[in-house]
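Report on the structure given below.
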Amino acid sequence: MEPRPRHIIIIGGGVIGCTTAYYLTRHPSFNPLIHHITLLEATSIAAAASGKAGGLLGLWAYPECIVPLSYRLHSELAAEHGGAERWGYRRLDCGQISAVVRKADLDSTSTPRKAKSATPTKQDNNGVLPVAQKESNGHNGQEEQHDGQEWQKLVKQDKKATALLQKSKLPPGLDWINGNLVQEYAEMGQPGFTETAQVHPFQFTQAMAALARDAGTDIRIGAKVTRIGLNQAETAVTSISYLDRASNETQTVLGVTDVVVAAGPWTGRVLPRTRVEGLRAHSVVFSAHVSPYAVFTNISLPSDWVPAHRAARGQRRRHRGNVDPEIYARPGGEVYACGEPDRAMPLPDTADAVRTDEAQCDDMVSYIATVSPVLAAAPVAAKQACYLPQHEGGPLVGATSVAGLWVASGHTCWGIQNGPGTGKLVSEFIFDGAACSADVSELDPRKFGV
Ligand SMILES: Cc1cc2nc3c(=O)[nH]c(=O)nc-3n(C[C@H](O)[C@H](O)[C@H](O)COP(=O)(O)OP(=O)(O)OC[C@H]3O[C@@H](n4cnc5c(N)ncnc54)[C@H](O)[C@@H]3O)c2cc1C
């Protein structure tokens with residue numbers, strides 16, 4: 001059968017949209033003479049979670065049906081395109097510490113933080129506070145109050161992953177954590193089983209977009225999709241309308257054969273029946289050269305201790321019990337840390353309207369300082385927030401009840417890890433009519449009424 005001409009529209013320039021564009025252009029059936037690919041991004045490439053995530057990759061991540069494929073593809077992409085240099089791809093050790101911090105420990109180990117950050121963040125300004133221009137523990141006056149609550153965990157380690165942790169001695173190489181406070185260390189250490197790697201998600205997503213563009217993808221930024229047009233019977237896609245935010249004019253593209261909705265937490269706004277929503281989470285980036293470890297923490301703090309930034313304003317500590325920030329060393333003198341999700345701010349209209357609650361970032365910085373003298377003294381290069389794409393029942397990857405309408409979204413905590421696998425599978429759905437590289441039938445959007 002003769003291949004038919006196609007115009008494929010991808011909605012969203014996060015990791016899922018960009019890896020989808022990349023793998024479509026790499027598919028053996030892709031023929032640029034008859035296949036046109038357009039990626040529409042409302043703000044800029046990696047403006048949202050894909051630019052602000054941790055970038056951890058794990059064979060122990062979830063969902064199981066896509067993880068091994070995607071983990072392997074990350075390694076292949078890095079080998080083919082120089083990912084170690086281009087987007088910081090590397091293997092790293094991963095473990096979990098349980099630490100008990102006493103009042104006396106805080107008095108004896110507190111190290112003054114440098115007043116100003118050394119290097120401003122290289123990222124765009126979507127939800128990133130300009131810490132380079134102000135005191136690193138200053139406030140932007142937009143603080144939200146939620147005193148005395150329990151720390152909410154980002155569920156990167158599900159029950160199965162937690163069971164894979166093996167008790168071990170604190171490795172000597174993990175010298176940026178104060179070993180005297182650590183009661184227990186458990187590691188993800190089995191090669192080929194609980195391996196861990198990482199990428200810099202902003203650089204990775206940008207690189208995927210650039211490679212897709214070089215192969216012919218038409219990438220339009222500031223293009224916010226407002227309508228997916230269907231035929232009269234509403235059985236197939238026919239057009240797409242988007243607001244060109246620079247000119248404030250609505251553009252309509254006709255002759256569309258396929259639409260891939262990869263709008264992250266905004267997927268539920270573009271296609272409400274997906275029920276994909278956004279959940280905000282904060283993160284910080286330190287400027288520090290430390291050994292390559294990803295560290296999950298569980299820190300018990302003295303009950304009457306209050307971080308300095310809150311004490312200065314006569315406030316109590318925000319969290320009652322233990323706190324669990326995640327800390328990932330990155331190549332190039334960066335350390336990334338992320339905190340808990342919160343529902344204080346609903347998902348805004350676009351990524352450039354995301355608001356960061358600086359006090360939440362400062363809480364995280366203070367908690368981390370109690371167990372890491374190195375990070376206690378390190379400048380903070382970025383304080384930021386973004387929204388996880390959430391879907392009850394896991395990610396949605398595949399066809400919908402409308403011909404030519406595909407969904408790739410709802411990857412929660414593991415979208416960077418699962419991006420390449422998702423992109424490859426979507427390219428197979430579109431060009432082969434079925435997923436060949438993995439059985440992802442459990443992620444079929446039609447099972448969820450989409
Ligand atoms: C604090 C934190 C830490 C994380 N750490 C990790 C980690 O270590 N490892 C990991 O694998 N994952 C991690 N994640 C998860 C990961 O960031 C997400 O799963 C992933 O980035 C989602 O990618 P996406 O492309 O689906 O969505 P997004 O990155 O949100 O991209 C969606 C894009 O769609 C665009 N868009 C929205 N609406 C429209 C529209 N109408 N028209 C056009 N464009 C539109 C947006 O502007 C945006 O750029 C983390 C997430 C958070 C919040």
Net lengthening on full extension, Lys167/Arg273 (0.36 nm per residue, minus Cα-Cα): 33.8 nm
Carbon + sulfur, % of accessible area of the chain - ligands and nucleic acids excluded, 1.4 Å: 50
Ranked by how many other beta carbons lie within 10 Å on average, peptides 416-422, 277-283 from highest: 416-422, 277-283
The chain: most fluctuating residue of Lys383, Lys424, Lys159 per GNM, C-alpha cutoff 10 Å: Lys159
For the range 221-319, accessible area per residue (1.4 Å probe, heavy atoms of protein chains only), Å²: 45
Gaussian network model of the chain, springs between alpha carbon atoms under 10 Å - residue of Asp175, Asp304, Asp362 with greatest fluctuation: Asp304
Principal-axis tilt of helix 67-81 within the chain, Cα atoms, nearest 10 degrees: 90
Gaussian network model of the chain, Cα within-10 Å springs - most flexible of Gly14, Gly222, Gly264: Gly222
Estimated inter-spin distance, Arg355 and Asp158, nm [label 7 Å along Cα→Cβ]: 3.4
Listed residue pairs exceeding 32 Å between alpha carbons, taken from Lys103/Lys160; Lys153/Lys424; Lys159/Lys424; Lys160/Lys224; Lys103/Lys169; Lys159/Lys224: Lys103/Lys160; Lys160/Lys224; Lys159/Lys224
Tilt relative to the chain, helix 201-214 - C-alpha long axis, 0 to 90 degrees, to 10: 20
Nearest-ten-degree value, helix 15-26 long axis tilted from longest Cα axis of the chain: 40
For the chain, diffusion coefficient by Stokes-Einstein and Kirkwood Rh (Cα), 37 °C, 0.692 mPa s, µm²/s: 146
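The values are calculated or read from the model by the stated rules, or taken from the named source; none is laboratory data. This structure is a prediction, so every number in the text was calculated from the model and none was measured. Every residue, glycine as well, gets a Cβ built from its backbone with ideal geometry; the counts of neighbours run over all protein chains shown. Please note that ligands, DNA and RNA were not included when accessible areas were found on the heavy atoms of the full protein model with its side chains. Shrake-Rupley method; radii C 1.70, N 1.55, O 1.52, S 1.80 Å.
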